[in-house]
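The values are calculated or read from the model by the stated rules, or taken from the named source; none is laboratory data. Because the structure is predicted, anything quoted here is derived from the model rather than measured. Cβ placement follows ideal geometry from the backbone for every residue including glycine, while neighbour counts extend to all protein chains displayed. Keep in mind that these areas ignore ligands, DNA and RNA; they rest on the heavy atoms of the full protein, side chains included. Shrake-Rupley method; radii C 1.70, N 1.55, O 1.52, S 1.80 Å.
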Amino acid sequence: MTGFRRLVPPLALSLVSLGALVTSGGSARAADPPAVVCTTTATQHYSPGLTLVSRPTRITASATYACTGAGSVDTARLGFDYTVDAGCLPTSSPVTTGISVLDWNEGPDSEITSTFVVTRPAGQTVGTSVGTVTAGQFNGYLVHLVGTYPGSDPLACATPQGVTSSQGELVLTLTQPF
């Protein structure tokens with residue numbers, strides 16, 4: 001399992017423009033499943049911790065997902081590691097792009113090229129990644145990952161250490177392109 005291996009500095013993309021990223025991709029074989037859905041609970045780590053002031057922050061996580069819809073493929077590991085300006089206050093929506101590897105329990109790994117955006121609706125932190133499997137198992141499939149984390153503790157945000165981790169629910173979906 002590896003995280004993003006190549007990162008591009010944050011981009012000025014809007015969520016609307018992300019739709020264009022998922023319209024391209026290769027074609028899947030007819031015998032492949034129409035969709036694979038994987039879920040897990042995971043912990044993100046922030047270094048330095050999130051405070052009231054936005055600053056360059058390394059955000060890392062790795063998780064093992066339980067998967068359905070892909071026959072003997074029933075688990076996968078995926079991690080990420082990127083650095084963006086981040087803090088407790090919803091002053092911006094960090095965006096980064098990169099390549100990650102999804103390590104399946106059976107068959108070849110999937111290389112995924114995607115864009116990751118963080119938003120903060122209704123006091124939660126939501127990380128959304130959209131992209132395409134560009135090599136390996138499920139090549140050409142569209143990828144959609146959503147991680148939902150509770151809002152940051154305001155008292156912890158006000159300390160010099162800040163918020164150093166957060167646990168949330170993640171849903172990863174791979175679908176055949178139309």
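Split the accessible area of the stretch 35-175 by element, probe 1.4 Å, and carbon with sulfur accounts for 56%. A 1.4 Å probe run over the stretch 35-175, with the rest of the protein chains in place, finds 41 Å² accessible per residue.
Projected label points at residue 164 and residue 144, each 7 Å from Cα along the beta carbon direction, are separated by 3.6 nanometres.
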